[in-house]
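K.L.:
Pasting a structure here, questions to come.
The values are calculated or read from the model by the stated rules, or taken from the named source; none is laboratory data. Bear in mind the structure is a predicted one, so any value in this text is a computation, not a measurement. Positions of Cβ are generated from backbone atoms using ideal geometry, with glycine treated the same way; all protein chains shown enter the neighbour counts. Each accessible area value is taken on the protein alone, full model and side chains, heavy atoms only, with ligands, DNA and RNA left out. Shrake-Rupley method; radii C 1.70, N 1.55, O 1.52, S 1.80 Å.
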Amino acid sequence: MDIQGSQFHLLHGQGDWGRCTDVATGLTLATAGDEDSVAGPSAGHSDFEYFEYTSGLGALRLRHDLPLFRRSGRTTPIDPVARRGAGRDAYGNWYWIGDDQASISWRPVDDDTSARWWPAVPPAGSGPTASQPAFAACQPDLPAGFTLAGLAVTTGHYLAAGYTAAGQQGLLLFDLQAGGPPQRLLWPAPFSPFDLADTSDGGLLVLDRQNAAYFQLDEHFRLRGEVTVTAGPFAPAAGGPPERRYGPVAPVATALFAGSPFGPVDAVSIEPGPDPGTALILESDPARGYSFVHLFGPAGWQWSTSLADALEVIDPADPTDTPQVYSLLGIDFAYLTAPAATGPLAPPMLYIADAEGKQVVAFTLDPASGELTPQPDFLPMRRWDGKALVRAGQGAWYDFGDRWVPLEVFTECRFQPTGVFTTPASSATDQPGLPFDSQVPGCVWHRLLLDAQIPTGTSIAIQARAADDPVLLQQSPWLPQPVPYQRGDGAELPWYDPWADQRAADGSLPAGTGTYELLFQQVTGRYLQVQVTLQTGGRTSPALRSLRAWYPRFSYSEHYLPAVFTLDAAPRGFLDRFLANFEGFYTATEERIEHSALLLDARTVSADWLAWLACWFGLVLDPQWNPAQQRFLVRNADRFYRWRGTLGGLLALLRAYLDPDVDDSVFDCASSGDASSGSVGGLRIVERFRTRDGGGAAYGDPAAPPGSGSAADRAAAAAHRFDVLVPAVLNADQLAMIDRIVAVNKPSHTSHDVRSNTELFTVGQARLGLDTQLGASASFSPMVVGQGYLASTYLGFPYPFDLPDRIVLDRDRVGGMPSL
């Protein structure tokens, strides 16, 4: 209720918009989406018949359609056999199987050309001649019928490629870190590798399409096997040790049978599943015309999902933009999950490359049921040659000639051209907002406010009707209303910014974004219904975040003018509408004055006034603190001041700065045992006096004195000094900020040093188990010559990799290894 006593009905959020009625279908928006929309609700989008609610924007807009990008000049799908395996290493180098299917090409990072990587091509003129013999590169002796199929680069920096030849089959394993020729991991027949995929733990998934099976290898390229028992010449005595098992080990495969309704799966691609030990299988049979996605685990098949009639698309060649049902026939796919992946859409997301078109369709995946929900985002593949769709780094990539480009969302969207809906009308049930009821017979409805985005080329048209009886409301004619105009001073609600999340760093908003207003014309009655028409040229769409219908109109003419001005109904109506323009301006000003208390609360004050509120406490807000941290600091200024100068208070303030999602838990260290130990949330404060007596005996030198000088001298040297150990990942600006925080909030008679927590093991300053911890560290990475520091990297194991828990390549065969 505002200062004049006016109130408003509100539509805000998916639930409210879903109760509105789609004029084209006569159903509520939510019901129309459930029954009539083929695509159904998607992640981030709740699809209605002509509208969608996007949770990312928090607004209702016209439905986003998926264009079908057909490859010109091709009428048949891509043959899966023609697809090439590909992969990218940790340094950005790309590798793929050549067109001859017997070599591997590569494109080094930051290089404009590609070349054959294996087998190596000897330089021109390097071969021996009759006049001057010379050494030349030794070419591998490839067996007859040698063919490569499937390629992947593991997280352990190995390149694996499947191969078949006359009399043998298996994997070629290249050590990209140590270099050298490939090692062969031989496989007993029958085995025909077709596709490979790396797993997050450094292992591999190997798809055998011909034999309808797949294998899973760990980071040491080991896999499950079964030993063939061979009876020995002697049998164990009764009660003696068990009989030893002899014989070769046969690898155990997971058979690709999708349960009783299906036969063997005609798989074309494999990817790691949503859970450890699971695998996603893409089945594509051109004769069927659509694909299946299967999930297999250690126990076999779990579920299958058909992509027949899986999505709605529009053909750009169709001038009517009529949606059509489309069955997706996939040729390759990639499954991206967090935190390794960030795009092109929010993970987890399944991307399936269309064999009949030239684009990728993204799906969200329910791991429990296998439900695939298509996304309307347009993901074209320009000049795709069909080598592979590769999961690499933080996104998905595809080949563009001999280059590899990231898969991106194309910004040219397609929306429904027009959509019309009405606000809820009368209902037999007592539901909130059904209908807009003023409880005042003959109510003069005042204003309509829309928090909306109306880009150039789009429009929003409003009609309204009102009546004192709900039945008559449905029979009343619609009255056209003025075109909404954008308010220059934002929302009418005091100190409220409906688009704060869309503001840029300089405070600006996207074009057409703001609060739009219109004054109701001749809309009188207890019940109100509003009809909203969204229109666009198809490339973008207006969006509605909130709708507020204010009532009743506060009449300046009745309250402030002599009665003679209100005697005649016709002039009085015009005068009321004319004076309402001034009323809107003055009421907004009075509302700001009335609600000025909102400026005194850090939770409600606008971002523009937060610095002003902070100065009341003598605080200067640093721009390195995000808005949530700044509000938390101002709101708890008294608590921080009460704990100022204490170990717990210093830890709490540092946590308030370093924690991305700050809450009251930062004060736990100020009142718990954590504060006494000086360690919480990865931060450590080491007081020097606690380590003043650490002598050489603690470090393996019993002859060394426990310290220099007398106990009093040692205590004096360590007194009033402490070290602040912080995470090593902080940048220079963050370290400088921490130093300023500590300098302002520590006791004035103390001195401090800010150091990285990788410096924990400092002799004479650290206590094992209190100030330091033993364990694995993520700070160390493999040594790269010219790029790494010896103190922060490690050297890998050299050839022949003869560790006892690792297979030695070219020595151990799959059929002859001991059982794991």
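K.L.:
Being closer than 21 Å to L196 by Cβ, assigned to a strand (DSSP E or B) and under 14 Å from the mean Cα position of the chain (by Cα) is the filter here; which residues of the range 312-350 pass it?
P.N.:
Y335, L336, L350 - these are the residues of the range 312-350 that are closer than 21 Å to L196 by Cβ, assigned to a strand (DSSP E or B) and under 14 Å from the mean Cα position of the chain (by Cα).
K.L.:
Of the conditions (1) surrounded by fewer than 16 Cβ atoms within 10 Å (Cβ to Cβ); (2) at pLDDT below 90, A308 clears all except one; give me its number.
P.N.:
A308 satisfies all of (1) surrounded by fewer than 16 Cβ atoms within 10 Å (Cβ to Cβ); (2) at pLDDT below 90 except (2).
K.L.:
Follow-up. Taking A355 as meeting all but one of (1) among the small types (G, A, S); (2) surrounded by fewer than 20 Cβ atoms within 10 Å (Cβ to Cβ); (3) under 13 Å from M381 (Cα atoms), write down the number of the exception.
P.N.:
Result: A355 fails condition (2) only.
K.L.:
What is the number of the single condition among (1) within 28 Å of G386 (Cα to Cα); (2) open to solvent by 50 Å² or more (accessible area, probe 1.4 Å); (3) modelled with pLDDT under 90 that P143 does not meet?
P.N.:
For P143, the failing item is (2).
K.L.:
Restricting attention to the range 476-518, and to residues there that are modelled with pLDDT of 90 or more and among the polar types (S, T, N, Q), which single residue is most open to solvent (accessible area, probe 1.4 Å)?
P.N.:
Here the residue is Q486.
K.L.:
Does the range 159-186 hold any residues that are farther than 22 Å from D99 by Cα, within 36 Å of the chain's Cα centre (by Cα) and free of Cβ contacts under 8 Å to residues at least 60 places away in the same chain, and which are they?
P.N.:
Of everything in the range 159-186, just one residue is farther than 22 Å from D99 by Cα, within 36 Å of the chain's Cα centre (by Cα) and free of Cβ contacts under 8 Å to residues at least 60 places away in the same chain, namely G179.
K.L.:
Continuing with the same structure: I'm trying to understand the selection: among the residues of the range 542-554, which are in contact with a strand residue (DSSP E or B) (Cβ under 7 Å, 6 or more places away or on another chain) and open to solvent by 10 Å² or more (accessible area, probe 1.4 Å)?
P.N.:
R545, W550, Y551, P552, R553
K.L.:
Residues of the range 351-362 being assigned to a strand (DSSP E or B) and at pLDDT below 85, which ones?
P.N.:
G357, the sole residue that qualifies.
K.L.:
Go through (1) at pLDDT 85 or above; (2) under 15 Å from L654 (Cα atoms); (3) in contact with a strand residue (DSSP E or B) (Cβ under 7 Å, 6 or more places away or on another chain) one by one and return the number of the condition T750 breaks.
P.N.:
(2)
K.L.:
Oh, and also: Could you please find all residues in the range 358-378 being open to solvent by 10 Å² or more (accessible area, probe 1.4 Å), farther than 21 Å from T54 by Cβ and either touching an Asp or Glu at 6+ places or on another chain (Cβ under 7 Å) or of a type outside the set (A, V, I, L, M, F, W, C) (or both)?
P.N.:
K358, P367, S369
K.L.:
When the range 604-617 is examined, which residues are found to be surrounded by fewer than 16 Cβ atoms within 10 Å (Cβ to Cβ) and at pLDDT 80 or above?
P.N.:
A611, W612, C615, W616, F617
K.L.:
List the number of the failed condition for Q7; all other conditions in (1) more than 24 Å from the chain's Cα centre (by Cα); (2) modelled with pLDDT under 85 hold.
P.N.:
Of the numbered conditions (1) more than 24 Å from the chain's Cα centre (by Cα); (2) modelled with pLDDT under 85, the odd one out for Q7 is (2).
K.L.:
Continuing with the same structure: Please go through the range 448-473 and pick out each residue that is part of a loop (DSSP other than H, G, I, E, B) and surrounded by 19 or more Cβ atoms within 10 Å (Cβ to Cβ).
P.N.:
I454, T458
K.L.:
Additional query: Does the range 375-426 hold any residues that are charged (D, E, K, R) and outside any strand (DSSP E or B), and which are they?
P.N.:
Passing the criteria: D377, R382, R383, D402, E408, E412.
K.L.:
To continue, here is another question. Filter the range 51-90 down to the residues that are of a type in the set (F, W, Y) and modelled with pLDDT of 85 or more, then identify the one that is most open to solvent (accessible area, probe 1.4 Å).
P.N.:
Checked the range 51-90; the qualifying residue most open to solvent (accessible area, probe 1.4 Å) is Y53.
K.L.:
What are the pairs with Cβ atoms under 8 angstrom where one residue, in the range 187-206, is farther than 15 Å from Y163 by Cβ and the other, located anywhere, is of a type in the set (F, W, Y)? Sequence gap at least six, or different chains.
P.N.:
Every condition considered, the pairs that remain are G203/F221; L205/Y214; L205/F215.
K.L.:
Here's something else I'd like to know. With respect to L653, is the statement that it is free of Cβ contacts under 8 Å to residues at least 24 places away in the same chain and open to solvent by less than 40 Å² (accessible area, probe 1.4 Å) true?
P.N.:
Against the criterion (free of Cβ contacts under 8 Å to residues at least 24 places away in the same chain and open to solvent by less than 40 Å² (accessible area, probe 1.4 Å)), L653 does not qualify.
K.L.:
From the list T566, T536, which residue is β-branched (V, I, T), modelled with pLDDT of 75 or more and either under 30 Å from T418 (Cβ atoms) or surrounded by 13 or more Cβ atoms within 10 Å (Cβ to Cβ) (or both)?
P.N.:
T536
K.L.:
Mind checking which pairs have a first residue in the range 328-341 that is in contact (Cβ under 8 Å) with a residue 60 or more places away in the chain and a second that is open to solvent by 20 Å² or more (accessible area, probe 1.4 Å) and part of a strand (DSSP E or B), Cβ under 8 Å, 6 or more apart or different chains?
P.N.:
Sorted first by the residue in the range 328-341, then by its partner, the pairs are L329/Y290; A334/R391; Y335/P272; Y335/L365; Y335/R391; L336/R391.
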